Amino acid sequence: MKTIASCVEDIIVSSPFLEEGLSREIINFSALAKDLNKPISEMLRKPVKEGAIMMALRRYQQPLNLENSVRLKKVFKNLGDITVRSNLSDFTFQNSKTLIRSHSQVLEKISANHQIFYAFTRGMFESNIIISTSEKENILKAFKTETLIGQQDKLSAISIYLPKGNSKIAGLYYQFFKRLAWEKITLYEVVSTTNEFTIVVEDELVDKAFSVIKRLKD
């Protein structure tokens, strides 16, 4: 049976920003109770009192405070180097039978140059390449027979080296995404390997994004 408390929990759990605001104690309970009155009344199919909603908000307990967990704190304390690469371009191509052949041409050209940033991701219907802008013409030439879906220049990548065992820590990536979202930093792309996590943002956001991630480590 649905109760005011269960409705409050459902709404908070499905709203990460709301949950974060409550944990930081920066949300006015009275104002929030007023905003939640209508949706909760609709969920229960009867009018409810704002006082009862405010009481449920005060009693709400987060299932797990990830930010204060010992394991998560240890991971952030042991984060490795944070590397920034600028002058990047992003290309998205429609998957085809010849796409890998085109891709191999690019790999052949850049394999000996370790200064070039390069990341390739293949999805079900499209593939993405993030590469140093200096290789832009080579990409367009190698993929000239492929269908270009999207292309963006003036991008930067921030790579974070994660300690071993990070894949066993629940909520690790969520902490990165949450902090960046709070600062209104839009992620253009996200790339990850077992022990390395890379976000790609537009050049104008890279300094702000770096500062946010650096604070997680400090």
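Just so it is clear, none of the values below were taken in a lab; they were calculated from the coordinates. Owing to the predicted nature of the structure, the values given are computational and were not obtained by experimental measurement.
Between helix 99-110 and the chain there is an angle of about 70 degrees, using the helix long axis and the longest principal axis of the Cα atoms. Using only Cα atoms, find the angle between the long axis of helix 4-13 and the longest principal axis of the chain, and express it within 0 to 90 degrees, rounded to the nearest 10. The two axes meet at around 20 degrees.
Both radii are taken from the alpha-carbon atoms of region 4-63; with Rh as the Kirkwood radius, Rg/Rh is 0.93. One decimal place: the segment Thr98-Glu183 gains 26.5 nm when fully extended, by the rule 0.36 nm per residue minus the C-alpha distance.
Here the alpha carbons of the chain define both size measures, Rg and Dmax, at 22.6, 69 Å.
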